[in-house]
Amino acid sequence: MATIKDIAELAGVSIATVSRVLNYDSTLSVGDETKKRIFEVAEQLSYKKKPPKKLEAGKIALVQWYTEKEELEDLYYMSIRLGVENQSRQMGFSVSKYFQDNYEDIKKDDIQGLIAIGKFSDQQIKDMVAITNHIVFVDTSPDEEQFDSIVIDFKKATKKVIDHYLEQGHEHIGFIGGREVFKDKTSAIEDPREKTFKSYLSAKGLLNEAYMYVGEFTVADGHALMKKAIQEHGENLPTAFFAANDSLAVGALRALLEEGISVPNRVNIIGVNDISISKYVFPSLSTVKVYTELMGETAVNALAERIEGRKIAKKITITTQLIIRDSSL
């Protein structure tokens with residue numbers, strides 16, 4: 001496993017700076033470019049090294065629904081993007097990166113296909129189809145009869161966490177989640193983790209909606225929501241929390257430590273994604289590992305098949321794995 005020292009050397013910064021950035025230290029004053037460099041180095045070091053290939057397969061477009069600033073708050077999409085870029089190099093594709101709503105710019109580019117990372121409204125999908133029929137969606141499946149998609153079964157991932165907590169004897173389980181809307185503000189996006197948490201615990205007679213807190217998928221909101229939970233429940237704070245992503249979990253961990261609440265002796269925390277920083281935070285974060293690199297690689301492979309003539313759409317579900325570290329028993 002890569003160490004903080006390895007990351008510091010490649011990023012050209014001090015070990016202390018790396019440690020504070022990976023732990024989202026809010027008192028640290030460094031620029032977004034430095035943060036981005038550190039996060040990208042951490043992600044790249046977690047990837048398997050592959051020998052480069054010298055091929056020329058053409059150009060593809062990569063459309064991201066997150067801005068670069070948003071990527072720094074939720075490394076899930078950064079990791080998928082890096083997987084796309086790495087596999088594209090392996091297969092000889094050059095990649096033009098775009099943020100959504102730059103569709104006119106994409107039309108001017110000579111692309112063979114498009115990979116869309118994130119969640120897109122009906123109108124945005126129509127705009128993409130006007131550019132090319134070769135589209136692969138990652139992290140969403142808007143029409144599995146028409147488009148290739150690479151997705152995660154977040155319902156199953158959520159049940160893995162709850163089942164683990166129940167096996168450990170927890171009966172008071174809280175939820176720290178986030179909600180999103182399409183970037184064109186046309187509608188809200190339902191989160192399967194929140195929905196499954198409610199239905200699965202309700203079926204077992206253990207749901208307490210007073211233990212559920214929802215904001216945005218950021219470290220700052222994870223911190224604020226856990227502070228609110230601590231204030232509202234005091235000594236009756238749940239013994240375990242499921243955080244819908246690792247960024248929320250990192251913020252929640254910091255709030256618990258600031259309040260002198262022992263993790264995992266008093267409260268357990270499990271997140272989702274297993275982004276590269278999860279192993280470096282204190283205490284190291286238990287999480288559901290999402291194979292983001294593989295998601296990106298698989299998207300490039302699927303797009304190559306489409307370009308080569310495959311007509312039948314494929315929906316590919318990538319499995320997850322529960323990783324237990326120091327933040328849970």
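The values are calculated or read from the model by the stated rules, or taken from the named source; none is laboratory data. Only a predicted model underlies this, so the values are computations on that prediction, with no experimental measurement involved. Cβ coordinates were reconstructed from backbone atoms using ideal geometry, including for glycine residues, and neighbour counts include every protein chain displayed. Side chains included, ligands, DNA and RNA excluded: accessible areas come from the protein's heavy atoms. Shrake-Rupley method; radii C 1.70, N 1.55, O 1.52, S 1.80 Å.
Name the residues in region 257-312 that are over 14 Å from Asn245 (Cα atoms), free of Cβ contacts under 8 Å to residues at least 40 places away in the same chain and of a type outside the set (D, E, K, R), would you?
Leu257, Gly260, Ile261, Ser262, Asn265, Val267, Gly309, Ile312
Conditions (1) within 27 Å of Gln64 (Cβ to Cβ); (2) modelled with pLDDT under 95; (3) among the small types (Gly, Ala, Ser), marked per residue:
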{"residue": "Ala255", "(1), (2), (3)": "no, no, yes"}
{"residue": "Val263", "(1), (2), (3)": "no, no, no"}
{"residue": "Ile269", "(1), (2), (3)": "no, no, no"}
{"residue": "Ile277", "(1), (2), (3)": "yes, yes, no"}
{"residue": "Gly296", "(1), (2), (3)": "yes, no, yes"}
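How many residues are assigned to a helix (DSSP H, G or I) and under 15 Å from Met295 (Cα atoms) if we restrict to region 63-86?
Matching residues across region 63-86 total 12.
Can you confirm whether Ser286 is touching a helix residue (DSSP H, G or I) at 6+ places or on another chain (Cβ under 9 Å), over 24 Å from Glu167 (Cα atoms) and hydroxyl-bearing (Ser, Thr, Tyr)?
Taking the combined requirement at face value, the residue does not satisfy it.
Are any residues in region 3-25 surrounded by fewer than 17 Cβ atoms within 10 Å (Cβ to Cβ) and not in a helix (DSSP H, G or I), and if so, which ones?
Residues satisfying the conditions are Thr3, Gly12, Ser14, Asp25.
If we only count strands (runs of 3 or more DSSP E) wholly inside region 248-329, which ones have 1 or more residues that are open to solvent by 60 Å² or more (accessible area, probe 1.4 Å)?
315-318, 320-323
If I filter region 183-200 for residues that are crowded, with 17+ Cβ neighbours inside 10 Å and of a type in the set (A, V, I, L, M), do I get at least one hit?
no
Would region 143-155 turn up any residue that is within 19 Å of Ile269 (Cα to Cα) and modelled with pLDDT of 95 or more?
There is at least one residue in region 143-155 that is within 19 Å of Ile269 (Cα to Cα) and modelled with pLDDT of 95 or more.
Considering only residues that are part of a helix (DSSP H, G or I) and in contact with a helix residue (DSSP H, G or I) (Cβ under 7 Å, 6 or more places away or on another chain), look in region 87-111 and name the one that is nearest to Met128 (Cα to Cα).
In this case the residue turns out to be Tyr103.
Kindly provide the set of residues from region 129-141 that are over 14 Å from Lys311 (Cβ atoms) and open to solvent by 60 Å² or more (accessible area, probe 1.4 Å), ordered by number.
Within region 129-141, Ala130 is the sole residue that qualifies.
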